[in-house]
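A.B. asks: Have a look at this one.
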Amino acid sequence: MNLVLLGPPGAGKGTQGRRLVDDFRLDYIATGDMLREARANGSELGHKAKEYMDRGDLVPDDLIVAMIGERMADESTLDGVILDGFPRTAGQADALGKMLDERGERITAALLIEVPDEGVVERLSGRRICKKNSHDYHLVYDPPKHEGVCDQDGSRLIRRDDDEPETVRKRLSVYHEQTAPLVDYYDERGILRRFDGTRDKTEVHDHIRATLATLRLEERL
Ligand SMILES: [Zn+2]
């Protein structure tokens with residue numbers, strides 16, 4: 001099973017992705033985390049990527065496709081993957097299709113978690129992530145037990161540079177321009193599934209899990 005997560009920034013893709021990893025034993029590939037790691041390690045790729053990310057722009061296709069190609073060569077991907085943050089353009093989607101085709105696989109479903117723009121700005125301005133493992137919190141909707149500290153690993157909670165309100169608005173306009181066409185791309189191929197991201201995250205998770213369980217059954221028939 002190979003899944004693509006789609007939706008605006010702050011729709012809860014990371015939270016849902018991590019839960020699905022536990023449900024279906026998939027390898028979770030989050031481009032944002034990969035880029036932040038690369039940049040923290042001071043790699044050349046990370047340095048290049050940082051320049052784009054800090055402006056709220058998309059990292060160019062060839063850079064990101066090369067990175068994903070390398071990651072998809074891991075044995076851990078053999079049972080299936082959840083991709084979060086990739087593909088972001090139709091060109092990247094084509095590249096992904098080819099990568100999977102070469103190993104006799106395909107995308108099982110593209111999961112679109114929908115949230116209106118005004119909801120996105122509110123969510124992201126209150127979002128905090130932990131320094132160590134990028135665990136997600138929200139000051140209003142999902143606060144940690146102790147202010148400023150991660151419940152799971154005790155590391156400090158910070159606001160990501162790209163969650164600053166001005167950058168969020170830029171990310172949203174980039175999302176609408178370049179990523180929204182991916183919705184049509186996967187819809188035309190009959191594998192798009194839509195979910196209401198304004199619902200409680202456990203409800204969203206239950207809905208996605210039920211949908212995937214059905215897809216799995218259909219595949220076995
Ligand atoms: Zn944490």
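The values are calculated or read from the model by the stated rules, or taken from the named source; none is laboratory data. Note that this is a predicted model, so its numbers are computed, not measured. A quick note on method: Cβ atoms are made from the backbone with ideal geometry, for glycine too, and the neighbour counts reach across all protein chains shown. In case anyone asks, the SASA skips ligands and DNA or RNA and just uses the protein heavy atoms, side chains included. Shrake-Rupley method; radii C 1.70, N 1.55, O 1.52, S 1.80 Å.
A.B. asks: In whole percent, and with a 1.4 Å probe on the protein chains, what portion of the accessible area of segment 92-132 is carbon and sulfur?
C.D. replies: Summing carbon and sulfur atoms, their accessible area is 45 percent of the total for segment 92-132.
A.B. asks: Something else: Counting only C-alpha contacts under 8 Å and six or more residues apart, can you give the relative contact order of the chain as a whole percent?
C.D. replies: Here the relative contact order equals 28 percent.
A.B. asks: Across all directions of projection, what mean area in square nanometres is found for the Cα convex hull of segment 126-176? Write down the numbers at each step before the final one.
C.D. replies: Working: hull surface 15.2 nm².
Here the figure is 3.8 nm², rounded to one decimal.
A.B. asks: OK, next. From the C-alpha gyration tensor of the chain, pull out the three semi-axes of the equivalent ellipsoid (sqrt of 5λ each), sorted largest to smallest, in whole Å.
C.D. replies: 26, 21, 18
A.B. asks: So which lysines can Lys131 reach, going by Cα to Cα under 18 Å and dropping same-chain residues fewer than 8 places off?
C.D. replies: Lys50, Lys145
A.B. asks: Along the charge dipole of segment 174-221, pointing to its positive end and built from +1/-1 on Cβ of Lys, Arg, Asp and Glu, which listed residue (Phe195, Ile208, Val183) has its Cα farthest out?
C.D. replies: It is Ile208.
A.B. asks: Two decimals is fine: what is log10 I(q)/I(0) at q = 0.10, 0.16 Å⁻¹ for segment 100-221, from a Debye sum with one equal scatterer on every Cα and no solvent?
C.D. replies: -0.44, -1.00
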